[in-house]
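The values are calculated or read from the model by the stated rules, or taken from the named source; none is laboratory data. Remember, it's a predicted structure, so these values are computed and weren't measured experimentally. All Cβ positions, even for glycine, are placed from backbone atoms using ideal geometry, and neighbour counts span all protein chains on display.
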Amino acid sequence: MSFLLTLHSHTRWLVALAGLAAILKLGWGMYKGGAFGKLDRALAAAFSGLMDLQATLGLVFLLWSGFAGAGFPPARIEHATTMILAVVLGHLPARWKNAPSATRFRNTLFCILGALAFIYLGVTRLRGGWLW
């Protein structure tokens, strides 16, 4: 179980890196006004895919450790709820796949920024927060 917690803890940095890369590229694309291309789609997909992996690891750990005796303290439930909202936000850009490029850049950028804000809030709910 310790391995799963460590993996879940370290994967957050991959999510943060994918989010940062997506923000930079989408911001540049929005500024430049170009077409929403393969790299933009790949970065948004990488971010949402890593979010899925992180959510899966987190839910497995929450249930496994919770039923094994750790219980379900409110901070862990708040963390899980906040993170599920972040995952939903991370997947919303798929709704605009047929929209004009300017709309896709803007909406994808704001969804990823929103998801990262939820992630920040969710991690701070836990003991140790971002330092663990």
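Kindly evaluate Val123 against the criterion of being surrounded by 14 or more Cβ atoms within 10 Å (Cβ to Cβ), β-branched (Val, Ile, Thr) and over 14 Å from Ser9 (Cα atoms).
Values: surrounded by 14 or more Cβ atoms within 10 Å (Cβ to Cβ): yes; β-branched (Val, Ile, Thr): yes; over 14 Å from Ser9 (Cα atoms): no.
No: the conditions fail for Val123.
On the stretch given as the range 14-59, residues that are of a type in the set (Asp, Glu) and farther than 29 Å from Leu131 by Cα total 1. Just one of the numbered conditions (1) closer than 17 Å to Leu5 by Cβ; (2) at pLDDT 95 or above is not true of Ala86: (1).
Do the conditions hold for Trp28, that is, is it closer than 30 Å to Trp96 by Cβ, aromatic (Phe, Trp, Tyr) and surrounded by fewer than 17 Cβ atoms within 10 Å (Cβ to Cβ)? Explain how you work it out, then say what you get.
Values: closer than 30 Å to Trp96 by Cβ: yes; aromatic (Phe, Trp, Tyr): yes; surrounded by fewer than 17 Cβ atoms within 10 Å (Cβ to Cβ): yes.
Taking the combined requirement at face value, the residue satisfies it.
Exactly one residue out of Thr11, Thr81, Thr108 is closer than 21 Å to Gly128 by Cβ, buried (at least 16 other Cβ atoms within 10 Å of the Cβ) and touching a helix residue (DSSP H, G or I) at 6+ places or on another chain (Cβ under 9 Å): that is Thr11.
Scanning the range 33-59 for residues that are exposed (fewer than 14 other Cβ atoms within 10 Å of the Cβ) and over 17 Å from the mean Cα position of the chain (by Cα) yields a count of 6.
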